[in-house]
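Working notes for the structure below.
The values are calculated or read from the model by the stated rules, or taken from the named source; none is laboratory data. Note that the coordinates shown come from a computational prediction; the quantities given were computed from them, not determined experimentally. Reconstructed Cβ throughout: ideal geometry from the backbone, glycine too, with neighbour counts over all protein chains shown. Please note that ligands, DNA and RNA were not included when accessible areas were found on the heavy atoms of the full protein model with its side chains. Shrake-Rupley method; radii C 1.70, N 1.55, O 1.52, S 1.80 Å.
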Amino acid sequence: MADEFPDYLDVDYTDGEGEQPEDYPSLEHKVEKAIEVTKKGLEEYENPAVMWTGGKDSTLTLYFIKEVAERYDLEVPPAVFIDHYQHFQEIHDFVEHWANEWDLDVIYARNEDVGAYVDEHGLEPGDDIDINALSEHNQHHVRDLLEYEEDTFPFLLDTYVGNHLLKTVALNDALEEYDVDGVISGVRWDEQEARADETFFSPRHDPEIYPPHDRIQPILHFDEPAVWDAFWYFVVPDTVEAYPDDGYVPQGFDDLPEGVEQDDIPVSPKYFEGFRSLGSEVSTKKSDQEPAWLQDMENTTERAGRAQDKEDLMERLRDLGYM
């Protein structure tokens, strides 16, 4: 990254301030704004990367990146996949499949020190990890940044220490290694209270906490129903040759248009199975038996299937660099 970062940027860090999804009343308004933010991000940053979890939000963001890059002759940045060792196998398969289909360069961000400890001791999720056996780098994060005083922590994402080491530290280390100045991510205002005040371009410039960079957030203004509408009326018709050009909302695995298989569609099979959020194999459950996009999104919580959704914890983790 250039030493003068962020002086070489011309972005508005207040863009989106005080707004909410209702300020973009139609899907067309939302798509137009997403394209605008994506284009600005690809043009302004010297070494951007896109966060990709294999979930709907990050895949929609990746779709906008691909479309904008093709339309304006820009480069598609590498995708960063945080491998926290507790993913559904279907997520790994989905990411590998579509990385190949879309010719993507994927950076796998892992806390390999924690992973090596887990492998060496044959740990299962929930088993304790000895903090003093970890690297100085990880011990610094646990003791100095998190101010955690216990001798061990459980090998789980749904804890303060586990989430930070397995996700945030892994991400920040990757950003430093690859000199990333702009992280394009698929967070949304409506997803969590901790994200409600985000702007489309959000600075993360404190070198004491994370490698200085900006967050570029093209779908902040989408709500959950709009994400699914974008998939069935834009993403899937544009991606799958045999799909109806005007879109089609399937009722399940067995209700796809003729000649279309589930593997042809850039939508994780876990959503077809009834999951609305894809946290980890250990802590995420189905929300319902119906596919995610057919569930009652107005009267139920998107992340209800996750074991952890504490807003104070999310706020603290975001202050340390979590998405």
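Send over a whole-number figure in Å² for the accessible area per residue of region 92-166, probe 1.4 Å.
I get 52 Å² per residue for this part.
Rounding to the nearest 20 debye, state how big the charge dipole of region 26-168 is about its Cα centre with +1 on each Lys and Arg Cβ and -1 on each Asp and Glu Cβ.
Dipole size: approximately 700 debye.
Using a 1.4 Å probe, what is the accessible area per residue for region 189-296, in Å²?
That works out to 41 Å² per residue.
May I ask you to give the percent of accessible area on region 1-155 that is carbon plus sulfur, with a probe radius of 1.4 Å?
Answer for region 1-155 is 39 percent, counting heavy atoms of protein chains only.
Suppose every K and R has +1 on its Cβ and every D and E has -1 on its Cβ; what is the size of the dipole of the chain about the Cα centre, in Debye to the nearest 20?
Charge dipole, the chain, about its Cα centre: 480 debye, nearest 20.
When a/c reaches 1.5 or more, the comparison of a/b and b/c decides; with that in mind, is region 20-125 rounded, prolate or oblate per its Cα gyration tensor?
It comes out prolate by the Cα gyration axes.
Distance from the Cα centre of region 210-256 to that of region 56-123, in angstrom?
17
Count the DSSP beta bridges whose two residues both fall in the chain, then state the antiparallel fraction as a percent rounded to the nearest 5.
Counting only bridges with both partners in the chain, antiparallel ones make up about 40 percent.
Can you give the FRET efficiency to the nearest 0.05 for Tyr108 and Leu145, using r as the Cβ-Cβ distance and R₀ = 25 Å?
For Tyr108 and Leu145, the calculated efficiency is 0.60.
Give me the 1.4 Å probe accessible area per residue for region 1-88, excluding ligands and nucleic acids, in Å².
I get 46 Å² per residue for this part.
Counting pairs of alpha carbon atoms under 8 Å apart in space and at least six apart in sequence, what relative contact order in percent does region 137-200 give?
RCO, region 137-200: 15 percent.
Give a quick list of GluC sites (Glu not before Pro) in region 50-81 that DSSP marks as loop, anything other than H, G, I, E or B, with at most 12 other Cβ atoms within 10 Å.
Glu75
Please state the shape class of the chain: rounded when a/c is under 1.5, otherwise prolate if a/b exceeds b/c and oblate if not, all from the C-alpha gyration tensor.
Taking the square roots of the gyration eigenvalues as a ≥ b ≥ c, the chain is oblate.
Do the alpha carbons of any pairs in Lys167/Lys270; Lys30/Lys270; Lys33/Lys286 sit beyond 23 Å of each other, and which pairs?
In this structure, Lys30/Lys270; Lys33/Lys286 lie more than 23 Å apart at Cα.
Tell me, what is the FRET efficiency for Asn47 and Glu208 to the nearest 0.05, using R0 = 25 angstrom and their Cβ-Cβ distance as r?
Once rounded, the FRET efficiency stands at 0.70.
Where in region 157-227 are there GluC sites (Glu not before Pro) that are in a DSSP coil and have at most 13 other Cβ atoms within 10 angstrom of their Cβ?
The qualifying sites are Glu208.
Report the relative contact order of region 30-174, percent, no decimals, based on alpha-carbon pairs under 8 angstrom and at least 6 residues apart.
21
Please identify the helices of the chain, taking whole runs of DSSP H, that span at least 15 Å along their own axis as judged from the Cα atoms and have a mean Kyte-Doolittle score of 0.0 or higher.
Both cut-offs are met by no helix.
Counting only C-alpha contacts under 8 Å and six or more residues apart, can you give the relative contact order of the chain as a whole percent?
Rounded, it is 21 percent for the chain.
Using DSSP to call loops (not H, G, I, E or B), can you name the GluC sites (Glu not before Pro) in region 116-148 whose Cβ has at most 16 other Cβ atoms within 10 angstrom?
Of the GluC sites (Glu not before Pro), the ones in loops of region 116-148 whose Cβ has at most 16 other Cβ atoms within 10 Å are Glu147.
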